[in-house]
Amino acid sequence: MEKLLELENVSYSYQDGKEKNKILEHASYSFGKGKIYAVVGASGSGKITTLSLSSGLDKPDEGKVLFKGKDIQEIGLIKYRREDISIVFQSYNLIYYMNALENVMSALEIAGIKRKDKKEYCLSILEQLGLSKDECKRDIRQLSGGQQRVAIARAIAREVDLILCDEPTGNLDEKNSLDIMNTFLDLAHIHHKCVILVTHSPTLAKMCDVSLRIKEGKIEAKR
C-alpha cells in the first residue's frame, strides 16, 4: 500500500469544565491511495477529531500527522489545506451569492489551479453528480439536496490525492446517497485517490474498503 496520510502516536484531549477528556491517546494509523475509509462510531467517540486532525483544522497535543511522509505542520497547515487536500463539510461552506457552477470554479481559483477549459470542466463534474445545466446556474439556496452535490463537486474538481468528508450523504435520499458513494468509490479505485469519510450509515460503511472506529483512544479497523 502506498501510504499517503499517517497519524503517528497522536494524542488529543479537550477541557470540559474541570474534566479533561481524552479522545485519542498515542493513536497511529496509515491511510493509502486507492482506498476509501469509513470512520464510524457513536457521537463523541472521536470521529470528527480524527477528521479535523487529518485535515489540519486542529493540531494534536502529541504526535504527528504526516502527508506523503512530511509533518503537515512543517508543510504549513494553510498551505496543506489549500494545495494538498479537499474537505467536504457537513455544513457545505458554500458561497451563497454564487451559483453552483461559480462555487466550483471558485474552488479552483482559491487553490491557484489554472485551466483553459475551467467552465466546461466544472460543469461536467456537476452534471456527473446529477445537476442539470439549469440547476448549475440557479440560486444555490434553491437547490436543497443539490447543495451537498455542489460541495462534493468542489472537492472533486481540485484533483487532489486526499478527500476528507463529514457525513457527505447525510441529507440525501437512499438512491442519491448510493450514487454519491459510487462516485467516491470511482475516485478511490479508478483515479487512485484516498477518500476518508465520517458516516453514521452502516450501509455506506460496508461499501468502503476499510471501516474504522476509535476504541480506548486508538484507531482500529472494525471487524
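The values are calculated or read from the model by the stated rules, or taken from the named source; none is laboratory data. Just so we're clear, the structure is a prediction, and the values are computed from it rather than from any experiment. Here Cβ is always computed from backbone atoms with ideal geometry, including for glycine, and neighbour counts include all displayed protein chains. Protein only, heavy atoms only, side chains kept; ligands, DNA and RNA dropped before computing areas. Shrake-Rupley method; radii C 1.70, N 1.55, O 1.52, S 1.80 Å.
Taking residues in the stretch 10-21 that are closer than 24 Å to LEU66 by Cα, and partners anywhere that are among the polar types (S, T, N, Q), the pairs with Cβ atoms closer than 9 Å and at least 6 places apart or on different chains are VAL10/SER28; VAL10/THR50; TYR12/THR49; TYR12/THR50; TYR12/SER52; SER13/ASN21; TYR14/ASN21; TYR14/THR49.
Is it the case that some residue within the stretch 192-199 is in contact with a Gly (Cβ under 6 Å, 6 or more places away or on another chain) and under 26 Å from GLU102 (Cα atoms)? No: the stretch 192-199 contains no residue that is in contact with a Gly (Cβ under 6 Å, 6 or more places away or on another chain) and under 26 Å from GLU102 (Cα atoms).
HIS191 falls short on exactly one of the conditions (1) without any contact (Cβ under 8 Å) to a residue 12 or more places away in the chain; (2) under 13 Å from the mean Cα position of the chain (by Cα), and that condition is (2).
Going by the conditions given, is LEU162 aliphatic (A, V, I, L, M), under 30 Å from ASN9 (Cβ atoms) and within 16 Å of the chain's Cα centre (by Cα)? The answer is yes for LEU162. Evaluate the stretch 83-99: report whether one residue or more is under 20 Å from the mean Cα position of the chain (by Cα), at positive phi and surrounded by 15 or more Cβ atoms within 10 Å (Cβ to Cβ). Looking for residues that are under 20 Å from the mean Cα position of the chain (by Cα), at positive phi and surrounded by 15 or more Cβ atoms within 10 Å (Cβ to Cβ), one finds at least one in the stretch 83-99, hence yes. If you go through the stretch 1-18 and keep only what is within 17 Å of SER45 (Cα to Cα) and exposed (fewer than 13 other Cβ atoms within 10 Å of the Cβ), you end up with TYR14, GLN15, ASP16. For the condition among the basic types (Lys, Arg), within 19 Å of the chain's Cα centre (by Cα) and surrounded by fewer than 15 Cβ atoms within 10 Å (Cβ to Cβ), LYS79 qualifies. Among the residues of the stretch 45-65, at least one is of a type outside the set (Gly, Ala, Ser), over 26 Å from CYS208 (Cα atoms), open to solvent by 20 Å² or more (accessible area, probe 1.4 Å) and without any contact (Cβ under 8 Å) to a residue 24 or more places away in the chain.
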